[in-house]
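Presented below is the structure to which this report refers.
The values are calculated or read from the model by the stated rules, or taken from the named source; none is laboratory data. This one's a predicted model, so the numbers in the text were calculated from it and none came from an experiment. Cβ sites come from the backbone with ideal geometry, for glycine too, and all protein chains shown count toward neighbours.
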Amino acid sequence: MIAEIQDPFVGEALNRKIDYQLKKIESGVARELYNSSGDSLINMYRNMSLVAGLNDRVKSPYIEFILSSPIGEDLPDEKFSEIAKEYLERMGYGDSCYTIIKNDDKDHRHVHILATTIDLNGLWISDSYSKGRSGKIMRELELKHGLEVMEKGKSSRNKTLGESQYRQYFFDTALHKALRSHNAKERVKDLLGQSETFKTINPDMTKAYTNAEWKIILGEDTYENMLDMLSKGKFFNPLLKDELLSVMDRLRQECDNVKEFRDRLEKEGYYMRLVSDKGKSHYVYGIPDRGFYLKDTALPESYRFGKLLFAGKQMTADEQKHYLYNQIFAVLNGSSSYEDFKDRLAEHNINLIEHVNGKGIYGISFALTNVDTPEIFKSSDVSRRLNYQNIQDFFQKEQNPEQGKEQERATPIDPVIVCYASNPHEWEKDLIYMYPVAMSMALDNGSGKHRKGDEDLPDNKKKKKRNKGLSY
């Protein structure tokens with residue numbers, strides 16, 4: 001079992017972390033195992049704040065520990081709670097105010113412990129040499145409770161067990177997944193049969209072995225061949241996805257906005273970009289050193305574009321612009337008139353601002369109404385096709401289709417917002433305008449089947465039938 005100790009934090013971060021765990025409990029993938037105050041998690045912010053108030057000289061009065069068991073070691077709740085409480089006691093936090101929450105939404109079960117750095121007597125709990133003491137205590141607890149002993153020296157200051165320590169078991173986990181696969185199991189058995197060292201050692205396949213141990217068991221050549229087969233079969237992808245989610249879950253609790261979230265991900269060696277692909281915006285996340293990238297549609301909805309919100313619903317100007325770009329076109333296509341369009345925008349928390357002079361309306365702007373610092377964008381800043389006259393012409397053609405046909409025949413330039421697929425050069429211009437960096441990488445979009453057009457961003461161009469009306 002591995003213990004991660006996060007840096008102490010303030011009350012605002014505690015509130016976010018508690019809210020995050022409450023949402024997990026509500027969704028059925030977490031539960032509170034123990035509460036030192038005898039209360040429920042929903043009241044712990046108040047209880048922990050009272051204890052923190054006993055010593056106002058401590059600037060960061062809260063701390064979080066994450067205890068993670070290896071893949072396949074599924075401890076009963078009572079045992080997990082017992083180990084967590086004993087760990088806290090030996091770390092000096094036995095008299096703090098704390099709560100233990102177990103999460104079951106990963107391959108590895110783990111508990112989050114939120115605690116005060118001040119005890120019930122108002123004394124600050126020293127964190128001197130805490131990481132060294134933590135490792136020693138955890139090794140002793142593993143032996144005492146008969147748990148699998150994790151290797152030393154593999155942990156990272158910034159990474160949880162699911163992010164770093166578990167990588168040493170990636171080969172073992174992927175190998176067993178392949179042995180359960182109808183399409184891959186015979187190939188795996190053939191490779192195992194080719195290894196003389198494997199047949200000599202005859203390892204107990206019910207136990208988990210580290211990557212280094214498998215390299216010895218199989219021999220270097222067979223190990224490399226097996227690694228290649230498992231990689232091509234994408235048996236590592238679920239593990240990498242789980243690692244990525246572990247990082248994102250942790251950082252999301254600590255960040256205030258998308259920019260900070262992205263910067264923190266990149267600082268720890270991960271990847272996040274906002275891209276526009278075929279008229280739609282989405283995030284791409286990844287682990288560059290593993291060559292692993294996926295679209296936000298392969299992750300929980302809370303990490304998708306437009307859904308990734310933080311305390312106060314903060315969005316950068318670029319985030320707001322991309323969000324408006326998607327929503328306005330979608331709303332426009334579903335509106336029956338200009339007035340209906342304005343009403344529908346308001347329902348989507350978008351304010352349409354009309355610019356008026358002596359001759360009437362000469363332009364429009366858009367702004368989000370549900371963010372802390374809304375930016376006002378001229379229609380041309382969002383898309384050159386969203387100017388006031390184009391929108392009026394669109395509704396005129398919708399309401400008078402025969403007149404629209406006459407206008408179309410009389411004018412070589414269609415004034416209606418047309419499908420980009422029928423004018424790819426215009427789409428390329430808007431794509432560069434919205435997001436100037438072109439990318440091309442293999443992506444996992446969350447489904448078992450992949451079309452070629454879904455794999456590469458955004459260079460793939462496919463012919464489409466011409467659509468009527470607006471398209472984004």
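Cβ separations smaller than 9 Å between residues 6+ apart or across chains give the following pairs from segment 296-314 residues that are of a type in the set (V, I, T) to residues that are modelled with pLDDT under 80 and not in a helix (DSSP H, G or I): T297/N445; T297/G446; T297/S447.
Listed conditions (1) of a type outside the set (D, E); (2) within 23 Å of G94 (Cβ to Cβ); (3) at pLDDT below 90; (4) buried (at least 18 other Cβ atoms within 10 Å of the Cβ) are all met by L141, apart from (3).
Okay, residues lined up against (1) in contact with a Ser or Thr (Cβ under 6 Å, 6 or more places away or on another chain); (2) on the phi > 0 side of the Ramachandran plot:
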{"position": "E4", "(1), (2)": "yes, no"}
{"position": "K24", "(1), (2)": "no, no"}
{"position": "G28", "(1), (2)": "no, yes"}
{"position": "N47", "(1), (2)": "yes, no"}
{"position": "R57", "(1), (2)": "no, no"}
{"position": "E64", "(1), (2)": "no, no"}
{"position": "P76", "(1), (2)": "no, no"}
{"position": "R90", "(1), (2)": "no, no"}
{"position": "D95", "(1), (2)": "no, no"}
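Among the residues making up segment 325-348, those that are out of contact with any helix residue (DSSP H, G or I) (no Cβ under 9 Å at 6 or more places or on another chain) and of a type in the set (S, T, N, Q) are N326, N333.
Among helices (runs of 4 or more DSSP H) entirely within segment 171-277, having at least 3 residues that are among the hydrophobic types (A, V, I, L, M, F, W, C) singles out 185-193, 211-218, 220-232, 237-254, 258-267. The combined condition, being touching a residue at least 12 places away in the same chain (Cβ under 8 Å) and under 23 Å from the mean Cα position of the chain (by Cα), is not fulfilled by I42. Picking from residues in segment 298-328 that are in contact with a Leu (Cβ under 8 Å, 6 or more places away or on another chain) and at pLDDT below 80, the one that is surrounded by the fewest Cβ atoms within 10 Å (Cβ to Cβ) is D318. Within the span defined as segment 248-264, one or more residues are at pLDDT 85 or above, crowded, with 20+ Cβ neighbours inside 10 Å, outside the structural domain of E375 (by the TED database) and of a type in the set (A, V, I, L, M). The numbered conditions (1) of a type outside the set (D, E); (2) at pLDDT 90 or above; (3) surrounded by fewer than 13 Cβ atoms within 10 Å (Cβ to Cβ) are all true for Q403 except (2). Scan segment 116-145 residue by residue and report those that are β-branched (V, I, T) and outside any helix (DSSP H, G or I). Result: T116, T117, I118, I125.
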